[in-house]
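Here's the structure, in structure tokens; my notes come after.
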Amino acid sequence: MVVGILGYFVMADRPETARWLSADQKILAAARIKADAPATQFVTETLNKKAFWSGIFNITSCTCGLLFLLNQITIQGLTVFCASTTTYAR
């Protein structure tokens with residue numbers, strides 16, 4: 001946890017704010033980032049209602065959500081059951 005807190009203050013979020021890079025390295029790093037991800041320079045599409053609801057009712061999303069729900073029911077049920085069996089076994 002300490003490493004995570006220190007990392008928040010030590011690590012830079014972009015090349016321009018990195019203290020350990022020289023000016024030339026900052027320019028080179030920024031140029032490489034822009035070349036690798038051209039879609040991040042501008043917004044390609046906005047969220048609309050049709051895209052939102054098609055994502056919510058997508059069969060893959062619904063299936064994964066259902067499986068996660070069933071998995072959590074099983075895990076939480078076993079947690080309660082196992083705790084009660086070890087309590088009465090004494």
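The values are calculated or read from the model by the stated rules, or taken from the named source; none is laboratory data. All values reported here derive from a predicted model rather than from experimental measurement. No Cβ is skipped: glycine too gets one built from the backbone with ideal geometry, and neighbour counts run over all protein chains shown.
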Exercise for the section: Would you check which residues across the range 32-48 are surrounded by fewer than 10 Cβ atoms within 10 Å (Cβ to Cβ), in a helix (DSSP H, G or I) and either at positive phi or at pLDDT below 80 (or both) and list them? Expected result: PRO38, ALA39, GLN41
Practice task
Output the residue which, of all residues in the range 1-31 that are in a helix (DSSP H, G or I) and of a type in the set (Asp, Glu), is surrounded by the most Cβ atoms within 10 Å (Cβ to Cβ).
Solution key: GLU16
Problem - Test: CYS82 is assigned to a helix (DSSP H, G or I), surrounded by 10 or more Cβ atoms within 10 Å (Cβ to Cβ), modelled with pLDDT under 85 and at negative phi - result: yes
